[in-house]
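K.L.:
One structure follows; several queries about it will come next.
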Amino acid sequence: MTVYSGPVFDMAANQFNVIANHLEIPMDERERLLMPKRAITVSCPIHRDDGSVAVFEGYRVQHLLTMGPTKGGTRFALSVDIGEVAALAIWMSWKCALVGLPYGGAKGGVNVDLSTISRHELETLSRRYMQEMIPFVGPHTDVMAPDMGTNEQVMAWFMDTYSMYQGKTVTEIVTGKPVYCGGTLGRREATGRGVAHLARRVMDVLSIKPSGATAVVQGFGNVGSYAAFGLHQFGMKVIAVSDHTGALYDAHGLDIPALMRHATRHGSIAGFSNELHFDPKEVLTLPCDVLVPAAMERVIDGKTAENLKCRILAEGANGPTTPEADLVLAKRQDEIFLIPDILCNSGGVVVSYFEWVQDLQQLFWEEEEVTRREYAILDRAFDTMLARAKADNIPHRTAAMAIGVEKVRAAKNTRGLFP
Ligand code: NAD
């Protein structure tokens, strides 16, 4: 019997079983590796602007405490449930281990439709959620960050709420804060920048020149917009982007800096152009060199995987590809080079780690240093994944996850089982 259920949790469990079989992990060790250490459910009552009271359900899952504090984003979305949050926490563990950060994975979220609450209600909900979490988090226990539906402002409210209870400013309680509230230069751009950097590395491997190469990006929030911007800066044509409001297509390449300015001002890509509208359902299967899913999980199922026409699949989102799609991609690995999510979007947690380190030391770095160190970590993880995939003749996702799971397993076995 378990409280974790739903398609996203099943997907994380299914992926883990593939890795556990590959690594021949004994059955009696598997549950200890997969099942989350702690899960917290809270109800967050708030006063609405009209004077009524509304209650929102919030969660935090801390997957494992073996490697150090837990670390992970907070998602505000209607899809959020305990199973989804647990899956995202599990992926964070493998990701942190793969890139060598001293963290276990965590994730949190609130089940809320952001289109139905005002900015004032969002602030109240953010503060109440953090207040409910105070007994369970801390700079050396569990450190939050942004994810879908949350941003620098929400992180600032989290940090302020925690600090008010401590009677002093504790910037290191969350990452992804504004720079003037103890955030780091380069965090806002880190995830998308890392996606673009790794896509560029694969283009070198495949001898694809950026000038004339094309990209398609699903999702134009934090990750998607900065990934598109990075690819645009390399001289590539970003021919299509989509978000929850629709899609835009231009065979000559979209004006990404202008689209970013529009999305920042209006909150979405809607209203950018009347001529460039496109069917969002067709976006993922457009012919292109680099495809970046940067929105939701499970958008590439087996059928979509059969129809992909990209050369490189750079997974900006967490869990965009289902296990059925993975079977298809394994057959198509000579046609499509997969950069799996736990590597591809790890630039975010890498720079969050830098932010935490800087906050603890009260010593801040230049942006050039942040980005240089981010790329160094991504390059090392990329090389390790590629070498492992080649050596064992396994798909990239299996290689990346196997490296992560192996490190966690070694730490657990060496520390032993208490008592
Ligand atoms: P965000 O809220 O900033 O942006 C999400 C984007 O997805 C928005 O543009 C939204 O309109 C779009 N979207 C939502 N539903 C859609 C749909 N059905 N079709 C097309 N687009 C849709 O979120 P984010 O922080 O950019 O996160 C995106 C993904 O990247 C998530 O899977 C998240 O877990 C993952 N991720 C984020 C970070 C980070 O640092 N923010 C780090 C690692 C992974």
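K.L.:
Output the number of residues of the stretch 117-165 satisfying the condition of being among the aromatic types (Phe, Trp, Tyr) and surrounded by fewer than 19 Cβ atoms within 10 Å (Cβ to Cβ).
P.N.:
Let us first name the residues in the stretch 117-165 that are among the aromatic types (Phe, Trp, Tyr), namely 129, 136, 157-158, 162, 165.
Of the ones still in play, those that are also surrounded by fewer than 19 Cβ atoms within 10 Å (Cβ to Cβ) are 136, 165.
The total comes to 2.
K.L.:
Could you tell me whether Glu374 is part of a helix (DSSP H, G or I), loosely packed, with under 15 Cβ neighbours inside 10 Å and within 16 Å of the ligand (Cβ to nearest atom)? Before the answer, list the steps.
P.N.:
Details: part of a helix (DSSP H, G or I): yes; loosely packed, with under 15 Cβ neighbours inside 10 Å: no; within 16 Å of the ligand (Cβ to nearest atom): yes.
Criteria not met by Glu374.
K.L.:
Continuing with the same structure: Of the conditions (1) part of a helix (DSSP H, G or I); (2) touching a strand residue (DSSP E or B) at 6+ places or on another chain (Cβ under 8 Å), Glu189 satisfies every one except a single condition; which number is it?
P.N.:
(2)
K.L.:
Let me ask you something else. Tell me whether the stretch 378-388 contains one or more residues that are touching a Phe, Trp or Tyr at 6+ places or on another chain (Cβ under 9 Å), modelled with pLDDT of 95 or more, of a type in the set (A, V, I, L, M) and within 16 Å of the ligand (Cβ to nearest atom).
P.N.:
no
K.L.:
Follow-up question, since we're still on this one. Can you pull out the strands (runs of 3 or more DSSP E) entirely within the stretch 194-286 that have at least 1 residues that are without any contact (Cβ under 8 Å) to a residue 40 or more places away in the chain and either touching a Gly at 6+ places or on another chain (Cβ under 8 Å) or away from the ligand (no atom under 11 Å from the Cβ) (or both)?
P.N.:
On the way: elements: 214-218, 237-243, 246-249.
Once the strands (runs of 3 or more DSSP E) in the stretch 194-286 are filtered for at least 1 residues that are without any contact (Cβ under 8 Å) to a residue 40 or more places away in the chain and either touching a Gly at 6+ places or on another chain (Cβ under 8 Å) or away from the ligand (no atom under 11 Å from the Cβ) (or both), what remains is 237-243, 246-249.
K.L.:
In contact with a Cys (Cβ under 9 Å, 6 or more places away or on another chain), modelled with pLDDT of 95 or more and not aromatic (Phe, Trp, Tyr): is that true of Gly58 in this structure? Outline the logic, then answer.
P.N.:
On the way: in contact with a Cys (Cβ under 9 Å, 6 or more places away or on another chain): yes; modelled with pLDDT of 95 or more: yes; not aromatic (Phe, Trp, Tyr): yes.
Considered against the rule, which asks whether it is in contact with a Cys (Cβ under 9 Å, 6 or more places away or on another chain), modelled with pLDDT of 95 or more and not aromatic (Phe, Trp, Tyr), Gly58 comes out as yes.
K.L.:
Taking interchain pairs and intrachain pairs at least six residues apart, which have beta carbon atoms under 9 angstrom, with the first residue in the stretch 401-415 and of a type in the set (S, T, N, Q) and the second assigned to a helix (DSSP H, G or I)?
P.N.:
Asn413/Glu29
K.L.:
Among the candidates Leu343, Leu313, which residue alone is among the hydrophobic types (A, V, I, L, M, F, W, C) and outside any helix (DSSP H, G or I)?
P.N.:
On the way: Leu343 fails: outside any helix (DSSP H, G or I).
Step by step, each of Leu343, Leu313 is checked, and only Leu313 is among the hydrophobic types (A, V, I, L, M, F, W, C) and outside any helix (DSSP H, G or I).
K.L.:
Please specify each residue of the stretch 317-368 satisfying the condition of being within 16 Å of the ligand (Cβ to nearest atom) and small (Gly, Ala, Ser).
P.N.:
Once the filter is applied, which keeps residues that are within 16 Å of the ligand (Cβ to nearest atom) and small (Gly, Ala, Ser), the stretch 317-368 yields Ala317, Gly319, Ala325, Ser346, Gly347, Gly348, Ser352.
K.L.:
Could you please give the count of residues in the stretch 83-119 that are of a type in the set (A, V, I, L, M, F, W, C), over 12 Å from the mean Cα position of the chain (by Cα) and closer than 19 Å to Gly194 by Cα?
P.N.:
Qualifying residue count, the stretch 83-119: 5.
K.L.:
State all residues of the stretch 55-99 that are in contact (Cβ under 8 Å) with a residue 40 or more places away in the chain, of a type in the set (A, V, I, L, M, F, W, C), surrounded by fewer than 24 Cβ atoms within 10 Å (Cβ to Cβ) and part of a strand (DSSP E or B); if no residue qualifies, say none.
P.N.:
Phe56, Ala77
K.L.:
With the structure loaded, tell me whether Gly167 is more than 14 Å from the ligand (Cβ to nearest atom) and at pLDDT below 95 or whether it fails that test. Write out each step before concluding.
P.N.:
Working: more than 14 Å from the ligand (Cβ to nearest atom): yes; at pLDDT below 95: no.
In short, no.
K.L.:
From the set of residues in the stretch 287-316 that are of a type outside the set (S, T, N, Q), surrounded by fewer than 21 Cβ atoms within 10 Å (Cβ to Cβ) and more than 8 Å from the ligand (Cβ to nearest atom), which is nearest to Thr191 (Cα to Cα)?
P.N.:
It comes out as Arg298.
K.L.:
Being in a loop (DSSP other than H, G, I, E, B) and surrounded by 24 or more Cβ atoms within 10 Å (Cβ to Cβ) is the filter here; which residues of the stretch 323-340 pass it?
P.N.:
Of the residues in the stretch 323-340, the ones in a loop (DSSP other than H, G, I, E, B) are 332-336, 340.
Of everything in the stretch 323-340, just one residue is in a loop (DSSP other than H, G, I, E, B) and surrounded by 24 or more Cβ atoms within 10 Å (Cβ to Cβ), namely Pro340.
The values are calculated or read from the model by the stated rules, or taken from the named source; none is laboratory data. Predicted model, so just to flag it, every value in this text is computed and none were measured. Neighbour counts are summed over all protein chains in view; Cβ atoms, including those assigned to glycine, are modelled from backbone coordinates with ideal geometry.
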